[in-house]
Each structure stands twice: as structure tokens, then as C-alpha cells.
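Remarks on the structure that follows.
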Amino acid sequence: MSSGWKGCAGEAFDAQSKEILKSLDLIITNLEKQINDLKFVAKASADVDEELARSIGMDVSGNPLQIRSVFESNGYTVDWEPGATSGNSTITLTSPNGETQTLKEGEDYYIGADGKSYFYNNVRAILEANGSKVDFEKPADGGPSTITVTTPNADGGVDVTTLVEGVDYYIGKDNKAHFLDNETYGSPPPIPVPTPAPTPTPTPAPAPVPAPTPSSTQTIVLDVSVLSSQLKDLGWVNVTPEMVKDLIDCLEKYDITTPERIRHFISQCSHESGAGKWTKELASGSAYENRADIGNTQPGDGPKFKGGGYIQLTGRYNYQAFANAMGDPKIVELGVDYVAANYPWSSAGFWWSNNNMNALVDTGATVEQITKRVNGGYNGLADRQKYYDKCCEIFK
């Protein structure tokens with residue numbers, strides 16, 4: 001009796017233990033899922049903290065975080081909607097459990113040169129999240145601010161780097177510092193440079209007045225025959241009066257009229273188009289099919305609205321905005337072939353204007369800085385520099 005009773009009790013205990021362990025496993029699994037969800041929300045949800053959402057403008061490798069890929073990889077549904085006017089799009093995020101939130105362009109994200117949506121690059125949040133100490137200083141004389149970044153290194157010491165306003169970052173409408181590598185959160189204003197007090201010097205003897213030299217704000221006279229010759233000197237092919245007329249319209253419409261603005265604009269277009277060889281993207285455009293984030297919601301939108309013009313305009317959303325700006329509905333009706341044939345320069349100028357490139361040029365930006373904004377990286381930097389140097393000789 002005693003032995004039999006112990007056997008039954010042992011079997012009952014084992015069964016109960018298995019049930020308890022099974023329940024514990026389930027609880028642990030649920031906790032792990034909740035922890036992962038919280039980690040994700042803390043990194044990517046604008047509902048938790050708007051500042052936190054902006055702070056993850058870059059991943060730990062320094063790459064911009066693309067909104068669709070971040071959320072969809074975590075089980076969210078991402079719906080992009082164009083606004084009534086350019087710059088007012090929205091993104092609706094639906095979580096796996098059906099909860100929704102809305103992100104706004106210009107507040108929570110920006111549209112990159114590739115037509116995709118990215119979180120903003122907040123300098124302090126990004127650097128502090130990676131263990132750096134950030135010290136912001138604004139000079140009393142009104143000059144550009146600076147940010148001193150102190151980062152622990154592998155040797156047990158620290159590395160100190162200084163960032164300069166207008167060179168490495170700008171102050172956005174939110175009064176926070178944002179890396180210039182990203183599209184702007186509000187146009188970066190021109191950086192005031194303090195004028196030093198004049199030092200008295202002896203009055204020199206009168207000398208002949210030298211002929212005036214072109215200044216950075218001097219405008220260039222735009223003439224079809226002159227520009228045709230200048231483009232050919234630069235190495236351009238397929239130079240026609242119609243193409244040059246579009247260039248003149250573009251430069252005037254988007255105020256690309258100072259020597260330095262023209263040099264940067266035409267040198268970047270020279271590289272992007274192979275000096276006029278390509279007026280549209282060589283790929284089929286099928287990769288853009290069903291890309292709601294750039295407005296491609298209808299069958300055939302990918303090939304129809306693939307990259308057109310010398311700085312490739314891409315996506316139904318951007319084509320519609322360009323059509324509105326030009327007052328030409330055929331831009332959307334006929335798509336890339338029409339843009340390539342009629343507006344290769346103007347479409348590039350539209351992108352240039354929307355991305356505040358004139359303001360960046362006017363800060364004295366280098367070819368490297370301009371390339372980073374146009375390309376998102378430094379592809380073809382040497383070739384772009386070569387064209388820029390030639391443009392400096394031609395456009396004076």
C-alpha cells in the first residue's frame with residue numbers, strides 16, 4: 001500500500017510540474033515579446049515621444065533609418081498619403097494589434113532624394129545615444145555655433161571633435177541641431193559671419209581703380225547661343241536650342257543665376273546625366289511598382305514615373321508636384337518620356353529648389369557637401385569635382 005501510494009503521487013506530481021513549467025514557458029515567451037515590443041516602440045514610435053522618434057534619425061552605423069523598412073520589419077502596416085500640396089504628406093502606421101498612429105512630413109520625417117521617407121537626424125540625440133558627450137556653444141558675436149563632441153575611445157581616453165554650424169549641421173525650426181547630410185527640417189538660414197572692427201591704416205596714395213571682378217552674388221546673362229557654346233566646352237552632347245531654352249527657363253525659375261549656383265548645379269547634372277547622354281533612368285522602373293511611399297499606387301506607375309530628367313525625378317507624387325509647379329498636366333499624363341524630352345533641366349531645377357540647394361551653395365559649401373545632399377553619399381565625387389573645376393573656368 002505504502003509503495004503503491006508513493007507511485008501514484010509521484011506521477012501526479014510530475015504531471016503537475018509539467019503543466020507549471022509549460023505555463024512558465026508561455027509567460028516567459030509573452031514577456032520576451034512584450035520586452036521586444038517595448039524596445040521597438042521606444043526606438044520607433046512617435047506616439048511615445050516625438051523627440052525620441054526624431055532622435056533615431058540614424059542607426060548605429062550612421063545610416064539614415066528608412067521608415068517603411070523599420071516599421072514593416074516589426075509587423076506594422078505602413079500607408080503613405082500625399083498631401084494636397086508638396087511637403088504635406090502623412091504616414092499612417094498600423095501595429096500588429098490594430099493600433100494606429102500618424103506621422104507628418106516636416107514634423108516627424110522628410111522625403112529623401114530617393115523618394116523614401118526618413119526620420120530626422122537630431123545631432124544631440126544621435127551622438128548621446130552612442131555614448132558621446134555633446135556641448136553646444138553659441139558665440140556672443142553672433143557667429144556660427146559649434147558643437148564639441150567627446151567620445152570614449154578603445155585606449156581608455158577620449159576623442160574630441162568639433163562640428164560647425166553651416167558646415168556639419170544646421171539649426172532647424174525646432175531650434176535643434178540637425179546633420180546637414182539629411183534633407184532639411186526647415187531651410188537652414190544663411191549663417192551670419194561677424195565683421196571685424198576696422199583697423200585704422202595709413203591712407204595710401206591714390207591708385208588706378210581696378211576693373212570690377214564678378215562677385216558670388218553677380219548674376220550671369222543667360223543667352224541660348226552662349227550657353228550652347230559653354231555646354232559644349234564642358235563636354236556636353238545632344239545640345240539643342242530646345243534643351244538650352246529649358247536650361248534658361250530652369251535657371252530663371254529657380255533663381256540659379258549666380259556663378260557659384262550655376263557651377264554647382266550644372267556640374268552635378270553633368271555627372272548625373274553623363275554630360276547629356278541620359279535624360280532618364282536606364283532601368284525599367286519596375287522596382288518602383290506599388291511603391292505607395294512615392295505615390296505609385298496604380299498598375300504601371302513604376303515604369304511610367306521612373307527617374308526622369310538630369311537629376312532623376314521619381315514617383316507619381318513627385319511628378320504630380322512638378323506638374324503643379326509647371327502648370328502642365330501632361331507631365332503626369334505622359335510620364336517619364338515627356339519629362340525627359342521637354343523638361344530635363346527644369347525637373348532637375350525643381351528637385352534643386354525643393355531641397356534648398358541654393359541656400360547650401362550660398363554658405364560656401366564644397367563639392368563634397370553638395371554631392372552628399374544630391375547623392376546621399378559620395379558616388380562619383382572625383383568626376384563631379386572635375387566638372388565643377390571646369391565650370392569654374394567657364395561660368396565667371
### Task
Return a yes/no flag: does region 330-345 have any residue that is at pLDDT 90 or above and under 21 Å from the mean Cα position of the chain (by Cα).
yes
### Query
Quick one: which strands (runs of 3 or more DSSP E) sit completely within region 139-208 and have at least 2 residues that are at pLDDT 70 or above, closer than 21 Å to Lys372 by Cβ and among the hydrophobic types (A, V, I, L, M, F, W, C)?
146-152, 158-164
### Task
Could you list all residues from region 280-291 that are open to solvent by 50 Å² or more (accessible area, probe 1.4 Å), over 19 Å from Ser89 (Cβ atoms), in a loop (DSSP other than H, G, I, E, B) and not acidic (Asp, Glu)?
Leu282, Ala283, Ser284
### Query
Could you list, in sequence order, the residues of region 301-331 that are in contact with an Asp or Glu (Cβ under 7 Å, 6 or more places away or on another chain), over 20 Å from Ile266 (Cα atoms) and either not charged (D, E, K, R) or not in a loop (DSSP other than H, G, I, E, B) (or both)?
Asp301, Gly302, Arg316
#### Entry: From Val237, Val244, residue being closer than 15 Å to Ala341 by Cα, touching a residue at least 12 places away in the same chain (Cβ under 8 Å) and buried (at least 16 other Cβ atoms within 10 Å of the Cβ)
Val244
### Query
In the set Trp345, Trp352, which member is over 15 Å from Gly276 (Cα atoms), in a helix (DSSP H, G or I) and not basic (Lys, Arg)?
Trp352
### Query
For region 352-374, how many residues meet the condition of being open to solvent by 20 Å² or more (accessible area, probe 1.4 Å), of a type outside the set (Ser, Thr, Tyr) and under 13 Å from Arg263 (Cβ atoms)?
3
### Task
Answer yes or no: is there a residue in region 381-394 that is under 24 Å from Glu260 (Cβ atoms), part of a loop (DSSP other than H, G, I, E, B), open to solvent by 10 Å² or more (accessible area, probe 1.4 Å) and free of Cβ contacts under 8 Å to residues at least 60 places away in the same chain.
no
### Message
Tell me whether region 292-302 contains one or more residues that are at pLDDT 90 or above, touching a Leu at 6+ places or on another chain (Cβ under 9 Å) and open to solvent by less than 50 Å² (accessible area, probe 1.4 Å).
### Response
no
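The values are calculated or read from the model by the stated rules, or taken from the named source; none is laboratory data. Just so it is clear, the model here is predicted, and its values are computed rather than measured. Quick reminder, even Gly has a Cβ in these numbers, built from the backbone with ideal geometry, and neighbours come from all protein chains shown. Side chains included, ligands, DNA and RNA excluded: accessible areas come from the protein's heavy atoms. Shrake-Rupley method; radii C 1.70, N 1.55, O 1.52, S 1.80 Å.
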